[in-house]
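Beneath this line is the structure, given in structure tokens, with notes to follow.
The values are calculated or read from the model by the stated rules, or taken from the named source; none is laboratory data. Small disclaimer: the values here were computed from a predicted structure and weren't measured. Cβ atoms come from the backbone with ideal geometry, glycine included; neighbour counts cover every protein chain shown. Each accessible area value is taken on the protein alone, full model and side chains, heavy atoms only, with ligands, DNA and RNA left out. Shrake-Rupley method; radii C 1.70, N 1.55, O 1.52, S 1.80 Å.
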Amino acid sequence: MTYRTIRQRLLLGAGSTVIMSLLLAAAANSQASANQYDPSPRSAFNTSDASASSHSTVTHVHFWEELMLEPQDAWSKLRESFHWREQSLSADAQARVDEWIDHYRSSPENIVEITGRASPWLAWITQQISDRNLPGELALIPFVESSFDPSARSHRGAAGLWQFMPGTGDALGLVRNGNYDGRLDVVTSTNAALDYLEMQADQWYEGDLQLSLAAYNAGAGTVNKAKQRAESQGLRGKYWDLSLPQETMQYLPKLLAIATIIDDPERYNISLPDIHTEPAFAKVKLEHSVTLSEASKLLRVDKSALAELNPGLLNGALNPSSAQTLLVPEDVNHDVLAELSNGANQRQTIANADTPDTYRVESGDSLSAIANRYNLSAQELMRLNEIERPEALQAGQLLTLSER
């Protein structure tokens with residue numbers, strides 16, 4: 001099938017202010033765009049040569065038969081949302097894409113590993129991109145950025161599925177502290193990444209998301225200067241016209257290459273994991289602290305499974321002052337989820353009534369264990385007692401447990 005989607009421009013009111021903040025951040029830390037059934041095979045990016053032959057023989061397929069022939073899963077939903085497969089690339093641009101197709105094909109086990117790692121996230125990310133009427137290829141940015149590892153960190157300081165640098169994350173409002181890193185939170189960082197791409201496209205590039213992708217990688221200042229140079233030479237100033245840092249020159253070709261393979265995995269002898277069309281997790285809004293250990297016992301879910309879904313919780317606990325949403329496996333019973341939410345409220349009421357004002361440290365105690373015992377965060381306990389280093393805790397030390 002081929003699909004065409006009309007992209008709606010989303011002009012965000014606060015775009016200018018945020019973009020200026022991001023430009024400043026990028027200067028210091030550059031960051032390493034009526035369904036019609038077509039029975040003919042898809043080529044990588046140019047389908048114009050198939051149009052003539054497709055009209056000579058018409059095969060009528062009943063709607064339900066068509067569904068049976070092509071069952072829906074997360075990959076097919078993603079393919080439906082691809083926008084850029086039909087663009088006509090110059091020979092030089094296509095060669096850059098083909099080079100990366102050959103590179104990925106040379107190590108098919110890497111694609112299998114990375115796409116397997118994408119399993120918890122792909123359906124939800126695709127849904128967010130579809131809701132914004134953006135090209136589905138953007139769902140594969142984490143393939144290029146982090147190999148779909150939400151806990152990935154680069155030597156330059158970028159972190160998370162979308163590899164935000166600290167300054168960029170700060171400008172986008174991603175909270176970072178000792179307990180939580182919003183760059184590692186897949187839900188929060190995905191929304192921030194899509195906002196960022198749309199804002200830059202509308203602010204600088206008249207909606208051109210491919211230029212915004214370049215700016216996502218190299219910084220808007222670098223891309224704007226390259227665009228001006230290209231236009232001064234009589235070129236259009238599109239992504240393929242620009243002379244950019246080497247990593248950025250390869251950024252879009254990498255993305256289009258992996259999209260091409262996923263668009264037709266059988267052609268490239270690649271096996272993709274089965275991923276359901278519905279998100280693999282549910283979101284639970286909590287107003288009070290809860291540890292992953294407590295949640296795992298109540299939900300009867302392995303703590304490791306909760307930790308994988310909530311990599312932004314650095315100390316294994318959710319504190320509403322930093323984050324309010326806990327991700328849990330989607331098959332958890334709804335009544336149990338309600339119990340988790342209500343249990344947090346009840347536990348907080350009990351804690352407020354029964355928590356002593358002080359605690360004397362015993363041999364073998366750790367700051368995090370004490371904090372969990374009294375329904376506090378380690379950071380809050382450090383603040384109450386003016387502790388600079390958790391490892392400096394000593395047996396016999398008297399800790400204050402509340403503001404009272």
ask   = Which condition number in (1) under 25 Å from the mean Cα position of the chain (by Cα); (2) more than 30 Å from Tyr374 (Cα to Cα) is the one that Lys283 fails?
value = (2)
inquiry  = Step by step: first the residues of segment 210-252, then only those that are over 19 Å from Ala91 (Cβ atoms) and of a type in the set (Ser, Thr, Tyr), then the one that is nearest to the chain's Cα centre (by Cα). Which residue is that?
reply    = Tyr216
message = Here are the criteria: (1) at pLDDT 90 or above; (2) within 30 Å of Pro320 (Cβ to Cβ). Tell me which single one Leu298 does not satisfy.
response = (1)
task = Say whether the condition of being touching a helix residue (DSSP H, G or I) at 6+ places or on another chain (Cβ under 6 Å) and surrounded by fewer than 24 Cβ atoms within 10 Å (Cβ to Cβ) is met by at least one residue in segment 158-165.
result = no
task = Filter segment 74-112 down to residues that are open to solvent by 70 Å² or more (accessible area, probe 1.4 Å) and of a type in the set (Asp, Glu) and give me whichever is nearest to Tyr239 (Cα to Cα).
result = Asp92
note = Taking segment 263-272 and keeping only residues that are loosely packed, with under 15 Cβ neighbours inside 10 Å and at negative phi, one is left with Glu266, Arg267, Ser271
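Just name the residue that is modelled with the highest pLDDT out of those in segment 352-379 that are part of a helix (DSSP H, G or I) and surrounded by fewer than 17 Cβ atoms within 10 Å (Cβ to Cβ).
That would be Ala369.
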note = Of those in segment 293-313 that are among the polar types (S, T, N, Q) and under 20 Å from Ala338 (Cα atoms), the residue surrounded by the fewest Cβ atoms within 10 Å (Cβ to Cβ) is Ser293
request  = Working only within segment 237-264, note down all residues that are farther than 17 Å from Tyr216 by Cα and either modelled with pLDDT under 95 or among the aliphatic types (A, V, I, L, M) (or both).
outcome  = Ala257, Ile258, Ala259, Ile261, Ile262
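Sort through Lys283, Lys227, Lys254 and tell me the only one that's among the charged types (D, E, K, R), buried (at least 17 other Cβ atoms within 10 Å of the Cβ) and under 27 Å from Arg79 (Cβ atoms).
On the way: Lys283 fails: buried (at least 17 other Cβ atoms within 10 Å of the Cβ); Lys227 fails: under 27 Å from Arg79 (Cβ atoms).
None of the other options fit; the residue is Lys254.
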key: Matching residues in segment 158-176 - criterion: being more than 14 Å from the chain's Cα centre (by Cα) and not in a loop (DSSP other than H, G, I, E, B)   = Pro166, Gly167, Thr168, Asp170, Ala171, Arg176
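Name the residue that is surrounded by the most Cβ atoms within 10 Å (Cβ to Cβ), counting only residues in segment 175-190 that are in contact with a helix residue (DSSP H, G or I) (Cβ under 7 Å, 6 or more places away or on another chain) and within 13 Å of Leu313 (Cα to Cα).
Step one: list which residues in segment 175-190 are in contact with a helix residue (DSSP H, G or I) (Cβ under 7 Å, 6 or more places away or on another chain), which gives 176-179, 182-183, 190.
With the extra rule that they be within 13 Å of Leu313 (Cα to Cα), the set shrinks to 176-179, 182-183.
On the way: Arg176: 18, Asn177: 13, Gly178: 14, Asn179: 24, Gly182: 23, Arg183: 29.
Among residues in segment 175-190 that are in contact with a helix residue (DSSP H, G or I) (Cβ under 7 Å, 6 or more places away or on another chain) and within 13 Å of Leu313 (Cα to Cα), the one surrounded by the most Cβ atoms within 10 Å (Cβ to Cβ) is Arg183.
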inquiry  = So, in segment 127-157, how many residues would count as being surrounded by fewer than 24 Cβ atoms within 10 Å (Cβ to Cβ), of a type outside the set (Gly, Ala, Ser) and part of a helix (DSSP H, G or I)?
reply    = 6
remark   = Given the conditions (1) at pLDDT below 90; (2) under 18 Å from Tyr374 (Cα atoms); (3) open to solvent by less than 20 Å² (accessible area, probe 1.4 Å); (4) touching a Lys or Arg at 6+ places or on another chain (Cβ under 9 Å), every one holds for Val290 apart from (1)
